[in-house]
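Encoded as structure tokens, the structure appears first; notes follow it.
Readers should treat all values here as calculations from the given coordinates under stated rules, not as data from a laboratory. The model shown is predicted, which means the values in this text are computed figures rather than measured ones. Glycine also receives a Cβ, built like all others from the backbone with ideal geometry; neighbour counts cover every protein chain displayed.
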There are 2 protein chains.
Amino acid sequence: MKVLVIGGDGYCGWATALYLSNRGYDVGILDSLVRRHWDLELGVETLTPISSIHQRIQKWQKLTGKQIDLFVGDINNYDFLQKSLREFQPEAVVHFGEQRSAPFSMIDREHAVLTQTNNVIGNLNLLYALRDDFPDCHLVKLGTMGEYGTPNIDIEEGYITIEHNGRTDTLPYPKQPGSFYHLSKVHDSHNIQFACKVWGLRATDLNQGVVYGVLTEETGMDEMLINRLDYDAIYGTALNRFCIQAAIGHPLTVYGKGGQTRTFLDIRDTIRCVELAISTPAKSGEFRVFNQFTEMFSINDLALKVKQAGIALGLDVEINTIDNPRVEAEEHYFNAKNTNLLNLGLQPHFLSDSLLDSLLNFAIKYQHRIDRAHILPKVNWKRL
Amino acid sequence: MKVLVIGGDGYCGWATALYLSNRGYDVGILDSLVRRHWDLELGVETLTPISSIHQRIQKWQKLTGKQIDLFVGDINNYDFLQKSLREFQPEAVVHFGEQRSAPFSMIDREHAVLTQTNNVIGNLNLLYALRDDFPDCHLVKLGTMGEYGTPNIDIEEGYITIEHNGRTDTLPYPKQPGSFYHLSKVHDSHNIQFACKVWGLRATDLNQGVVYGVLTEETGMDEMLINRLDYDAIYGTALNRFCIQAAIGHPLTVYGKGGQTRTFLDIRDTIRCVELAISTPAKSGEFRVFNQFTEMFSINDLALKVKQAGIALGLDVEINTIDNPRVEAEEHYFNAKNTNLLNLGLQPHFLSDSLLDSLLNFAIKYQHRIDRAHILPKVNWKRL
């Protein structure tokens with residue numbers, strides 16, 4: 001099966017592209033490489049030294065004999081997108097190609113506009129390109145569990161059945177996104193659902209939790225295939241960031257009370273979930289939503305786990321509570337469903353001591369690459 | 001009170017600006033005039049011959065002594081928006097300044113992208129401009145009842161209390177918009193709600209039904225103050241369009257089974273609702289939603305009413321069912337709440353024979369301006 005991975009040079013995209021290629025899929029990567037440009041603009045760098053996408057793909061072919069087609073360009077450029085799709089002829093498109101950082105989207109107006117334009121219009125272009133040339137192609141779109149916010153009721157997978165004044169309907173689950181980035185994903189979801197309804201497209205929205213870990217079977221094959229690992233306050237996500245802080249003796253930075261509960265998954269489950277979605281496509285006209293995570297933790301839980309694992313490795317780990325730069329509930333009910341992917345056969349890698357060890361050892365290995373100036377958050381949600 | 005009407009050269013905006021000016025508000029109009037440009041592009045024209053915005057405002061001042069400040073430019077140009085707001089110093093902003101036609105947004109990819117970019121980013125710019133310079137200014141934003149779609153349960157005003165697995169929360173009402181235009185309004189609503197939450201802005205989202213009628217006390221004062229009245233398949237809305245069809249002996253065009261039920265209001269109620277919202281502003285941090293309509297009718301109901309009123313005036317009125325160019329339920333449950341504005345004191349102008357007479361007579365008076373080539377729908381929702 002021919003699978004195009006949009007955003008295939010990124011953290012989740014690269015791991016996914018190699019995994020699918022290894023599993024026998026005929027993989028293409030389409031990427032604008034703008035994420036590397038944003039790193040340059042912000043003056044931040046992945047902890048791990050990543051090779052260029054061209055080198056990566058060459059090395060992969062040398063090691064495995066498997067070819068990955070490369071399309072360098074922006075899906076906001078419709079001509080480029082259309083031409084690339086026509087050349088590659090995808091049967092499934094996995095769309096990771098969006099600006100994915102909440103703090104980035106909250107830097108200022110320009111970054112909010114960039115995030116929403118880039119994500120919403122890029123995705124809209126993709127919907128039109130599929131409609132016109134590949135109406136049967138399965139769109140697997142990365143969403144985020146952050147679309148739901150933290151409602152005081154259980155979070156279902158995309159839809160909820162509501163009884164109201166004696167009548168019943170199953171409706172899109174109400175969304176309460178917490179940043180202009182998360183809002184862009186909510187906008188996307190609405191646009192995709194509509195395109196499935198009116199054009200008969202088939203789509204799966206993967207509302208993914210926070211991804212942690214860096215090693216997969218494929219990215220671990222060679223130093224030149226290494227995946228990116230972000231630790232800075234813009235792109236570094238919880239857990240990955242905590243491990244890196246622990247490795248260099250920086251206090252773990254818990255924002256506010258730390259009772260914020262979020263969903264998490266190992267990057268090895270991300271790539272497996274994408275494959276599960278691809279291999280059992282949505283029906284024509286169907287907008288399918290999977291909550292893609294394996295466990296729920298509070299930020300305090302996470303910090304404690306990293307502290308314990310760090311101490312076991314002989315590190316001196318402190319936990320610091322800092323002012324929360326975000327506007328979010330710091331103590332709240334949270335219970336999200338994730339049965340769809342489990343029913344398709346997902347066998348989770350739960351967060352374990354060995355994963356934390358591996359991540360901490362990665363961080364220790366590359367600690368010389370860390371710039372401490374980028375660890376503390378500088379972007380504030382509030383009007384200051 | 002200083003009120004800036006964005007989109008004040010349009011159908012609802014112009015009537016609102018004059019009404020508020022007449023009631024003693026200090027009014028400014030900000031408009032890019034792009035709607036007049038789209039008319040040119042599409043080759044369509046308002047039934048009524050409208051003067052330029054400059055002439056309109058001059059005439060208004062001559063007649064009433066009241067000045068309306070004019071800012072010609074696009075809110076997607078942030079520098080222009082910021083400069084205009086700083087010059088005018090609004091205490092309330094009424095935001096009508098969006099591409100408002102569902103068929104326009106469905107013409108092709110370019111029009112879908114134009115609609116979502118124009119509406120979402122323009123509105124996002126406005127949120128930032130208010131945050132930075134006028135955080136206490138009340139934003140009155142025009143939404144649409146079409147954001148809700150046609151759920152099988154009662155439609156509440158913006159929020160719904162859901163009981164689920166023994167727990168309860170009040171959440172944003174789930175949205176099922178039916179075009180890329182309606183989707184843009186859903187995106188806006190989410191963005192505004194977030195801005196109220198994180199920045200403490202105050203906003204009222206007016207989810208308006210289909211507006212009909214053309215005469216208001218103010219626009220009727222002089223031929224040069226006349227309001228636009230669209231009859232074409234892109235910008236003409238039900239009822240207005242039916243009256244104009246009846247006036248020229250064109251069959252009324254009912255799309256599909258005609259059981260589509262929608263909400264409606266007289267343009268004299270639109271302007272009154274906006275004033276009610278302005279005069280009792282939302283609280284700081286509050287995102288308030290009002291459903292702005294007075295009655296519900298099916299399309300068949302409307303066509304019959306226009307037929308009866310036409311026959312009474314001696315017109316020969318036929319009703320034709322044509323293939324529905326939209327993808328929508330043609331028979332469905334529909335019951336929407338509209339108590340918030342009634343509680344604030346709205347006294348509705350219900351649809352009456354005299355209103356239909358007045359509208360039909362308007363259409364007869366200007367029938368020489370009608371181009372029959374623009375009456376039948378040419379834009380189709382489906383993938384053809």
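Of the three principal axes defined by the Cα atoms of region A:228-380, the extents in descending order read 51, 34, 24 Å. Expressed as a fraction of 2.2 N^0.38 Å, the value expected for a compact globular protein of N residues, the C-alpha radius of gyration of region B:165-223 is 1.70. Peptides A:353-366, B:244-257 ranked from most to least packed by the mean count of surrounding Cβ atoms within 10 Å: B:244-257, A:353-366.
Summary for A:Gln58: label point 7 Å along Cα→Cβ; distances to the equivalent points in the other copies, ascending, 6.9 nm. Label-to-label distances for B:Asn152 across copies, nearest first, come out at 2.8 nm, using points 7 Å from Cα in the beta-carbon direction.
Calculated on the Cα set of the protein assembly as shown, radius of gyration then Dmax: 27.6, 95 Å. The convex hull drawn around the Cα atoms of region A:1-63, when projected onto a plane and averaged over every direction, covers 4.4 nm². Per residue, the convex hull spanned by the Cα atoms of region A:272-344 measures out at 160 cubic angstrom.
For chain B, what's the relative contact order in percent, using C-alpha pairs closer than 8 Å and at least 6 residues apart?
Over chain B, the number comes to 20 percent.
The other copies place their A:Met221 label points at 7.7 nm from this one, listed shortest first, where each point is 7 Å from Cα along Cα→Cβ. May I ask what percent, to the nearest 5, of DSSP beta bridges between residues of region B:2-374 are antiparallel? Within region B:2-374, antiparallel bridges account for around 20 percent of the total.
Which pairs, out of B:Lys66/B:Lys305; A:Lys141/A:Lys175; A:Lys185/A:Lys337; A:Lys185/B:Lys337; B:Lys59/B:Lys283; A:Lys175/A:Lys337, put more than 27 Å between their alpha-carbon atoms?
B:Lys66/B:Lys305; A:Lys185/B:Lys337; B:Lys59/B:Lys283
Springs join every pair of Cα atoms under 10 Å in this Gaussian network model of chain B, and among B:Ile29, B:Ile53, B:Ile322 the largest mean-square fluctuation is at B:Ile322. At the listed q of 0.16, 0.18, 0.25, 0.31 Å⁻¹, the Debye profile of region A:81-120, built from one uniform point per Cα, gives log10 I(q)/I(0) equal to -0.53, -0.61, -0.79, -1.00. Shown in residue order for region B:257-266 are the 3J(HN,Hα) couplings computed by the Karplus curve 6.51 cos²θ - 1.76 cosθ + 1.60 at θ = phi - 60°: 5, x, x, 4, 9, 9, 9, 9, 7, 6 Hz (x for Gly and Pro). If you run the Gaussian network model on chain A, springs between alpha carbon atoms under 10 Å, then out of A:His182, A:His349, A:His164 the most flexible one is A:His164.
For region B:304-384, what is the per residue volume of the convex hull drawn over the alpha-carbon atoms, in cubic angstrom? Write out the running numbers ahead of the final one.
Details: hull volume 14.4 nm³, N = 81.
Normalising the Cα hull of region B:304-384 by residue number yields 177 Å³.
Rounded to the nearest 20, the size of the Cβ-charge dipole of chain A about its Cα centre is 160 debye, with Lys and Arg at +1 and Asp and Glu at -1. A convex hull fitted to the Cα coordinates of region A:37-88 yields 91 cubic angstrom per residue.
Altogether, the Stokes-Einstein calculation at 20 °C and 1.002 mPa s, with the Kirkwood radius of region B:224-270 over Cα pairs as Rh, returns a diffusion coefficient of 175 µm²/s. Of all aspartates and glutamates in the structure, the ones whose alpha carbon falls short of 14 Å from that of B:Lys2, not counting any fewer than 8 places away in one chain, are B:Asp26, B:Asp69, B:Glu87, B:Glu91, B:Asp136, B:Glu275. Per-residue mean of foreign Cβ neighbours for B:187-196 is 5 (Cβ atoms of other chains, 10 Å radius). Take each residue in B:157-170, count the other chain C-beta atoms within 10 Å of its C-beta, and the mean is 4. The simple spin-label model puts a point 7 Å past each Cα toward its Cβ; for A:Lys337 and B:Asp79 those points are separated by 5.2 nm. Whole-Hz Karplus values for region B:218-223 come out as 6, 5, x, 5, 7, 4 Hz, taken residue by residue from phi with 6.51 cos²θ - 1.76 cosθ + 1.60 and θ = phi - 60°; glycine and proline positions read x. Its Cα gyration tensor gives region A:240-306 an equivalent ellipsoid; the semi-axes, largest first and in whole Å, are 33, 14, 8. Here the residues A:Leu30, A:Leu114, B:Leu313, ranked from fewest to most Cβ neighbours within 10 Å of their Cβ, fall in the order B:Leu313, A:Leu114, A:Leu30. Each label point was placed 7 Å from the Cα along the Cα-to-Cβ direction; for B:Arg372 and A:Ala329 their separation is 6.1 nm.
In chain B, the calculated helix contribution to ellipticity at 222 nm averages -11000 deg cm²/dmol per residue, counting -39,500 (n - 2.57) for every DSSP H run with n ≥ 4.
How big, on average over all directions, is the shadow cast by the Cα convex hull of region B:8-143, in nm²? Projected over every direction and averaged, the Cα hull of region B:8-143 covers 8.5 nm². For chain A, the percent of C-alpha pairs falling in each 20 Å distance bin, counted from 0 to the bin holding the largest distance, reads 29, 61, 10, 0.
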